[in-house]
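Worksheet for the structure shown next.
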Amino acid sequence: MSTTTTPEIVTRYFRAADAGDLDALTACFTDNAAVTDEGRTVRGRDGIRQWRRDLESKYTYTVEVTGTETAADDTYVITTTVKGNFPGSPVELKYEFVLSDGLVDTLRIAP
């Protein structure tokens, strides 16, 4: 992996997530995108919207981006520190974004 600048679509994702803007957040994804978080996978923009609603209803948290690496073509790993009202806070999480045609096609969030 090599250190790199964060792609614009990934920056838009984090900006929308921080603002709680579900429309802007879901617009970052392809129609059939998949998100894996907390051991479960959701698919499509409607599934992603519901995942974010569920997450925001359970937790209050902040995400600080601490690094960006290129894992492979169109795959970026963003290292973050997440602080909030959840067990184990703060925690370092890695957000693995796989891009397709300038949008997020796959997002995996894991320690």
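Summary of values
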| read-out | value |
| --- | --- |
| Filter result for Tyr76 (closer than 22 Å to Asp21 by Cα and touching a strand residue (DSSP E or B) at 6+ places or on another chain (Cβ under 8 Å)) | no |
| Residue match in region 75-95 (condition: out of contact with any His (no Cβ under 9 Å at 6 or more places or on another chain), open to solvent by less than 50 Å² (accessible area, probe 1.4 Å), among the aromatic types (Phe, Trp, Tyr) and within 16 Å of Thr6 (Cα to Cα)) | yes |
| Count of region 10-36 residues which are in a helix (DSSP H, G or I) and open to solvent by less than 70 Å² (accessible area, probe 1.4 Å) | 10 |
| Criterion (of a type in the set (D, E, K, R) and at pLDDT below 95) met by exactly one of Asp74, Asp105 | Asp74 |
| So Val10, is it of a type in the set (Val, Ile, Thr) and in contact with a Ser or Thr (Cβ under 7 Å, 6 or more places away or on another chain) | no |
| Region 27-66, residues that are on the phi > 0 side of the Ramachandran plot and not charged (D, E, K, R) | Gly39, Gly44 |
| Subset of region 37-62 that is in a strand (DSSP E or B) and open to solvent by less than 50 Å² (accessible area, probe 1.4 Å) - its residue that is farthest from Tyr95 (Cα to Cα) | Val42 |
| Residue count, region 100-111 (criterion: in a strand (DSSP E or B), out of contact with any Leu (no Cβ under 8 Å at 6 or more places or on another chain) and surrounded by fewer than 18 Cβ atoms within 10 Å (Cβ to Cβ)) | 3 |
| Subset of region 68-95 (residues that are farther than 18 Å from Lys58 by Cα and in a loop (DSSP other than H, G, I, E, B)) | Asp73, Asp74 |
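The values are calculated or read from the model by the stated rules, or taken from the named source; none is laboratory data. These numbers come from a predicted model, not from an experiment. With ideal geometry, Cβ positions are generated from the backbone for all residues, glycine too; neighbour counts draw on all protein chains shown. Ligands, DNA and RNA are stripped out before the accessible areas are found, and what is left, the full protein with its side chains, is counted by its heavy atoms. Shrake-Rupley method; radii C 1.70, N 1.55, O 1.52, S 1.80 Å.
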